[in-house]
Amino acid sequence: MNSYTDEELQAARQAAQAAVDTATSWDYSASDAKIADKLQEGLDAAGVTVDAPEFERLVREITALKDDEDAGTPTVEAALPKTQA
């Protein structure tokens, strides 16, 4: 198991949040699959990962903005730096 410092975890959360912000502002009319793809692309580019339940929650909350634009950008609760294989 990897052990990360608080600073590494905070940086990973911030990078993941930037990916969420980008996916949120990308295109409200996009399909759920397109939004998930865009979010995954941003996470990959940032070198971070979120677990499956967190990813699914973020996609759900981003797509929910189609019906309620005032709901605000979803907040990343936890992210990790991607490990190098």
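Just need a number here: residues in segment 48-80 that are in contact with a Ser or Thr (Cβ under 8 Å, 6 or more places away or on another chain) and either at pLDDT below 95 or part of a loop (DSSP other than H, G, I, E, B) (or both).
Filtering segment 48-80 down to residues in contact with a Ser or Thr (Cβ under 8 Å, 6 or more places away or on another chain) leaves 62, 65-66, 73-74, 79-80.
Next, from what is left, pick out any that are either at pLDDT below 95 or part of a loop (DSSP other than H, G, I, E, B) (or both): 62, 65-66, 73-74, 79.
Going through segment 48-80 one residue at a time, the tally reaches 6.
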Could you look through segment 26-79, keep only residues that are surrounded by 12 or more Cβ atoms within 10 Å (Cβ to Cβ), of a type in the set (S, T, N, Q) and without any contact (Cβ under 8 Å) to a residue 40 or more places away in the chain, and pick out the one that is nearest to ALA11 (Cα to Cα)? THR49
Exactly one of these conditions fails for ALA15: (1) more than 11 Å from ALA79 (Cα to Cα); (2) in a helix (DSSP H, G or I); (3) open to solvent by less than 40 Å² (accessible area, probe 1.4 Å). Give me its number. (1)
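The values are calculated or read from the model by the stated rules, or taken from the named source; none is laboratory data. Just so we're clear, the structure is a prediction, and the values are computed from it rather than from any experiment. Note that each Cβ is placed from the backbone with ideal geometry, even for glycine, and that neighbours are counted across all protein chains shown. Only protein heavy atoms, including side chains, enter the accessible area calculation; ligands, DNA and RNA are left aside. Shrake-Rupley method; radii C 1.70, N 1.55, O 1.52, S 1.80 Å.
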